[in-house]
Amino acid sequence: MQYDHLKSILRGVLAPHHFFVAPGGTLRVEFVPQQQIPWELHEGQLLPPTIIRQRRCFAAWNVWFSYPPSDEAPSDEAPSAGHKAADGPVLSVCYDAHQRQLHVVRGFAIYGQEAYEQEPNVIATREVQLWMRELVSTIDPQADNLPELLCHALFRATIGTSRLAITSLESPLPDFSLGRLAYLPTTQPTLSATGPVQPVGGPPLERPGELIDRIAAADSSDLVAVKSLEFSLRASTADEVESLADQLWTRWRGFDRSTDALGRLVRRVFNEAVLAPHTDFGRHLVRFVQALGRLPRFDPMAEIDWFGYMLRQLTRHLTAYDLQLFHNFGANYPDAFLLDDLLKAYLRCIAQCPEAFLPRRQASAPRARRRRRALRQAWVLRKTYELHPVPDQPCSLGDRLRVLPPPYQRPPEEQLTSPGKRRRRLFENDPLCVEPDTPQAAVLRASFDDLACDAELRELGTAIYLDRPLGWFQPATATDRTLLFSYEAFSRRIAQKRLHALAESWHLIDPQTLEQHTDRLESLPTPGMPAAGYREPPREGVVCLEDACRAADDFCFVRSTRSSLDQLLAAYDFAPLEAHWPDIVAWLRTATDILCIRIPRSAPDDPLLLTAFNGQGQRQLELQLSGSDDQPVEYIEHASQHWLKSGLLVRGVAQPTGQMLDVRSRQIYLRPRLTPPPS
């Protein structure tokens with residue numbers, strides 16, 4: 001590729017109309033033909049600025065962003081005397097002409113340590129602000145879809161590389177979380193529902209409402225549309241959220257889009273959002289859904305079902321990763337605030353429309369029971385977390401290292417690491433209670449009566465766990481960006497604990513009913529893969545199946561979520577398998593009781609298998625992560641994600657007799673689909 005052509009592409013990729021800049025913010029894009037940058041990589045990651053000893057020369061396109069400082073800055077958060085606050089470009093595209101590589105880098109201010117001479121021959125350290133750079137993606141400038149890859153990498157640089165923000169690179173830029181800056185690429189003209197196609201171009205967007213046409217015109221599964229709506233809620237004030245809902249619903253209907261499609265978009269906004277640092281995003285999302293529910297021609301049942309879905313998902317998440325053991329032992333607790341906001345909104349829905357939860361028609365009973373399930377599970381979690389000790393403000397260890405503007409203050413480090421040092425108690429002055437003889441009380445009683453159903457009893461101990469099985473062989477210190485799988489899991493012990501709390505702590509079920517439920521719970525079958533078999537040392541900073549035993553060692557993985565299976569089928573090409581066994585691929589695409597899971601290994605040298613079981617626990621398909629038992633697993637990077645270089649090897653397929661047929665000799669590989677970048 002000619003250098004001038006590359007510069008032309010970068011001008012388009014970094015054009016102002018791709019950015020959202022909050023009012024008061026300033027955006028500047030500069031091109032530096034030759035720039036010396038501290039640059040030293042270890043296992044694909046840029047080393048921290050304090051230990052980099054090498055510099056390299058790049059042609060750099062730098063994006064600078066500034067926002068007016070607040071007058072609320074606390075004195076103890078100000079930079080030390082004589083030390084300027086850290087400053088640098090928030091985004092950079094660096095071209096290495098020698099290696100013929102493009103690197104997409106992001107930057108933000110962090111708290112670090114520097115050495116200084118305290119007195120002659122005495123070296124001490126002090127806290128200073130540093131500019132942290134992180135390598136998001138490395139791209140071949142000869143790629144056919146280079147503009148698309150660059151846009152995707154810059155987009156990922158602002159929103160984070162994963163919906164589960166455990167490491168810094170997986171987390172959004174602080175300015176994105178605070179609703180100040182976003183890169184939301186527009187690769188096509190903006191559609192108009194009432195007029196001609198609007199050309200792309202112009203200055204950065206600065207009002208949340210300016211994103212509405214893009215959101216309404218896009219497919220509900222498009223990640224840019226999802227993050228555009230999320231960012232709109234982050235960038236809005238509480239008063240602006242209602243007008244945003246009105247505007248989106250008007251445009252949505254103008255494009256002849258369905259309420260179900262809007263529901264898919266809102267649910268994915270909820271699932272993809274990162275809640276750290278804690279902002280008003282959760283409350284804005286709740287208010288946005290409530291505002292939609294008040295609009296003409298909007299299905300009022302949609303509001304109930306959206307809140308019910310969010311509560312069921314959140315309670316399953318908190319059953320798996322509870323505040324006592326995870327989230328820095330409860331130091332980072334925005335999930336608890338979101339649970340509280342959603343539950344209170346749900347209780348208002350019950351007061352306004354109790355017949356949706358206690359229907360008179362038998363045909364509506366299954367949906368009503370699912371709605372009551374959301375109330376019961378949220379009630380149990382909310383009561384469980386009352387008076388739980390937490391730091392003065394929600395904060396993860398990663399958040400504490402980032403320089404955030406006022407009113408964000410870092411709690412004392414001892415509060416993050418030592419629960420006994422915490423002074424605040426969750427919901428201390430806001431105990432959850434429902435007045436008797438109200439619709440909410442009637443629905444709550446009915447939700448506990450539902451425990452007579454085995455499925456509802458099982459739900460008391462149901463959780464959602466996450467795993468990255470395809471990245472198991474990555475270096476220990478590398479950030480894993482392979483596919484994120486999710487699994488339903490069941491713990492009889494957690495269900496028993498909650499039954500006893502309902503009877504003995506909150507007196508919501510009587511002793512006789514407790515005994516009946518306990519007996520039934522003991523006899524419930526637990527098909528699936530026991531979590532106790534996963535004993536390999538977990539990888540630091542990566543979610544894995546081994547996490548389940550930390551919460552309860554009797555967890556059993558029951559099934560893969562449908563979204564995980566769809567993601568796998570979209571990311572890797574199953575056509576070679578379909579050519580030989582079309583029924584297996586059709587089953588993978590449609591069945592709802594599949595468990596596709598990493599199998600525990602008896603020895604570290606054993607091959608790692610991804611095995612798919614049917615609802616009866618019978619093996620149907622075995623996939624191996626390496627081409628042969630002694631071949632190392634290699635990874636490639638594409639679109640800011642990691643992929644198996646050789647793909648997945650089909651190792652075994654079930655025969656009609658139920659026996660597994662070893663097909664390794666046929667060398668059937670499921671290669672990664674690398675174009676276009678998956679959403």
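The values are calculated or read from the model by the stated rules, or taken from the named source; none is laboratory data. Every value quoted in this text rests on a predicted model; they were computed, and no experiment measured them. A quick note on method: Cβ atoms are made from the backbone with ideal geometry, for glycine too, and the neighbour counts reach across all protein chains shown.
Residue count for segment 167-204 satisfying the condition of being modelled with pLDDT of 85 or more, out of contact with any Ser or Thr (no Cβ under 9 Å at 6 or more places or on another chain) and surrounded by fewer than 21 Cβ atoms within 10 Å (Cβ to Cβ): 5.
Tallying residues that are in a helix (DSSP H, G or I) and within 23 Å of residue 385 (Cα to Cα) within segment 451-466 yields 5. For segment 159-180, a residue qualifies if it is of a type in the set (A, V, I, L, M, F, W, C) and in a loop (DSSP other than H, G, I, E, B), and the qualifying residues are 164, 165, 166, 169, 173, 178.
Identify, please: which residue in segment 214-264 is outside any helix (DSSP H, G or I) and among the hydroxyl-bearing types (Ser, Thr, Tyr) and is, among those, surrounded by the most Cβ atoms within 10 Å (Cβ to Cβ)? Talk me through it step by step, then tell me what you get.
Applying the first criterion (outside any helix (DSSP H, G or I)) to segment 214-264 yields 218-222, 236-237, 255-258.
When the remaining residues are screened for being among the hydroxyl-bearing types (Ser, Thr, Tyr), the result is 220-221, 236-237, 258.
Details: 220: 18, 221: 13, 236: 23, 237: 10, 258: 11.
In this case the residue turns out to be 236.
Specify the residue that is surrounded by the fewest Cβ atoms within 10 Å (Cβ to Cβ); the eligible residues are those in segment 265-288 that are assigned to a loop (DSSP other than H, G, I, E, B) and among the hydrophobic types (A, V, I, L, M, F, W, C). In this case the residue turns out to be 275.
Got a sec? Which of 530, 537, 604 is touching a Cys at 6+ places or on another chain (Cβ under 6 Å) and either on the phi < 0 side of the Ramachandran plot or in contact (Cβ under 8 Å) with a residue 40 or more places away in the chain (or both)?
Working: 537 fails: touching a Cys at 6+ places or on another chain (Cβ under 6 Å); 604 fails: touching a Cys at 6+ places or on another chain (Cβ under 6 Å).
Criteria check complete, one pass: 530.
Can you find a residue in segment 447-457 that is in contact with a Ser or Thr (Cβ under 7 Å, 6 or more places away or on another chain) and surrounded by 14 or more Cβ atoms within 10 Å (Cβ to Cβ)? Checked segment 447-457: no residue is in contact with a Ser or Thr (Cβ under 7 Å, 6 or more places away or on another chain) and surrounded by 14 or more Cβ atoms within 10 Å (Cβ to Cβ). Of the set (1) within 19 Å of residue 61 (Cα to Cα); (2) among the basic types (Lys, Arg); (3) not in a strand (DSSP E or B), all apply to residue 133 but (3).
Can we say residue 610 is within 24 Å of the chain's Cα centre (by Cα) and in the same structural domain as residue 654 (by TED's automatic domain parsing)? It is true that residue 610 is within 24 Å of the chain's Cα centre (by Cα) and in the same structural domain as residue 654 (by TED's automatic domain parsing). Among the residues of segment 578-592, write down those that are more than 19 Å from residue 564 (Cα to Cα) and either β-branched (Val, Ile, Thr) or outside any helix (DSSP H, G or I) (or both). Across segment 578-592, the qualifying residue is only 581. Restricting attention to segment 289-306, the residues that are out of contact with any Pro (no Cβ under 7 Å at 6 or more places or on another chain) and surrounded by 17 or more Cβ atoms within 10 Å (Cβ to Cβ) total 10. Filter segment 410-444 for residues that are in a helix (DSSP H, G or I), closer than 25 Å to residue 517 by Cα and either within 29 Å of the chain's Cα centre (by Cα) or free of Cβ contacts under 8 Å to residues at least 24 places away in the same chain (or both) and give the result. Selection gives 441 alone.
Residue-by-condition table, conditions (1) assigned by TED's automatic domain parsing to the domain that holds residue 134; (2) surrounded by 14 or more Cβ atoms within 10 Å (Cβ to Cβ); (3) touching a Leu at 6+ places or on another chain (Cβ under 9 Å); (4) on the phi < 0 side of the Ramachandran plot:
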site: 376; (1), (2), (3), (4): no, yes, yes, yes
site: 381; (1), (2), (3), (4): no, yes, yes, yes
site: 395; (1), (2), (3), (4): no, yes, yes, yes
site: 398; (1), (2), (3), (4): no, yes, no, yes
site: 416; (1), (2), (3), (4): no, yes, yes, yes
site: 435; (1), (2), (3), (4): no, no, no, yes
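Within segment 500-550, the set of residues being in contact with a helix residue (DSSP H, G or I) (Cβ under 9 Å, 6 or more places away or on another chain), in a helix (DSSP H, G or I) and of a type in the set (Ser, Thr, Tyr) comprises 505, 513, 518.
Checked against (1) assigned to a helix (DSSP H, G or I); (2) under 21 Å from residue 560 (Cβ atoms), residue 482 meets all criteria but (1). For residues that are within 16 Å of residue 92 (Cβ to Cβ) and not hydrophobic (A, V, I, L, M, F, W, C), scanning just segment 109-151, find the one that is farthest from the chain's Cα centre (by Cα). In this case the residue turns out to be 141. Screening segment 289-394 for helices (runs of 4 or more DSSP H) wholly inside it with 3 or more residues that are in contact (Cβ under 8 Å) with a residue 40 or more places away in the chain and more than 23 Å from the chain's Cα centre (by Cα) returns the ranges 300-320, 334-352, 365-385.
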